[in-house]
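The values are calculated or read from the model by the stated rules, or taken from the named source; none is laboratory data. All figures in this text were calculated on a predicted structure; none of them were measured in a lab. Cβ: placed from backbone, ideal geometry, glycine included. Neighbour counts: every protein chain shown.
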Amino acid sequence: MARLLGQLGHLIKVLRDSSDEQLSVGELNMITQEDQAEIQSWNSHPIPSQPTLIHKEMLKTASLSPANPAICAWDGEWTYSELDNITSRLAALIKFSTSDQEHAILPIYLQKSKWVVASMLAVMKAGHAFTLIDPNDPPARVAQVVGQTGATVSLTSKLYSSKVRGIVGRCIVIDDELVQSLICTCASKPDLVLAAVAPEDLAYVIFTSGSTGDQRAS
């Protein structure tokens, strides 16, 4: 209550002291000196950065807490151990499909599901970067994104495979059926040799519309 009253008093003072009769809400200094000092105290000690990789952090968690839930989605749930197993199998397939490429950008063309996370981790384990494509995007935008990435392989679902095949040379259809076939081929988890990547290497590319309407990567 004391904080709320202090903030209210601060705003009243700001409005009273302002000579601008057209002052908008967005121009108000909403934070009190006390609040600003408190926020700065929270960040007074810099946190050292850790030169690591996203998928390696997941592997650490899978090793420490293999039975803990990692994915809880509308289409299924996986523990960290299961997620590690599935993404390693997918990564091995991706590496085979992109054996002539290094640090490629692979489009992931999927509806929201557990497979999006699995695909992202698998692509990174394979040593590549990914870009997410909304299935609702018009074909022209998708073609423009694929053209800028130079992608020859993409990850998608059965629902969109026919649409994607007209844009990308090869599609890997990601679903339970594929994973089951990979398990049947090799019952034990593959001894995946993680690709040589550094924390500075590209992991994710996002495209936004520029002023001309063209897609720009960042």
> How many residues are in a helix (DSSP H, G or I) and either touching a Cys at 6+ places or on another chain (Cβ under 8 Å) or closer than 16 Å to ILE206 by Cβ (or both) when one looks only at segment 118-130?
Replying inline: 4
> If you go through segment 77-92 one residue at a time, how many are within 19 Å of SER157 (Cβ to Cβ) and surrounded by fewer than 19 Cβ atoms within 10 Å (Cβ to Cβ)?
Replying inline: 1
>> I need the full set of residues from segment 20-48 which are small (Gly, Ala, Ser) and in a loop (DSSP other than H, G, I, E, B), in order please.
In response: SER24, SER44
> Does GLU82 count as under 22 Å from VAL173 (Cβ atoms), acidic (Asp, Glu) and assigned to a helix (DSSP H, G or I)?
Replying inline: yes
>> Cβ contacts < 8 Å: first residue charged (D, E, K, R), restricted to segment 5-34; second residue at pLDDT below 80 and outside any helix (DSSP H, G or I), any location; separation 6+ or different chain. Result?
In response: GLU27/ASP20
> Where residues in segment 40-76 are surrounded by 11 or more Cβ atoms within 10 Å (Cβ to Cβ) and of a type in the set (A, V, I, L, M), which of them is farthest from ALA196 (Cα to Cα)?
Replying inline: ALA73
>> Can you say whether LYS112 is of a type outside the set (A, V, I, L, M) and in a helix (DSSP H, G or I), as far as the supplied structure shows?
In response: no
> Of (1) among the aliphatic types (A, V, I, L, M); (2) modelled with pLDDT of 95 or more; (3) touching a Ser or Thr at 6+ places or on another chain (Cβ under 6 Å), ILE71 satisfies all except one. Which?
Replying inline: (3)
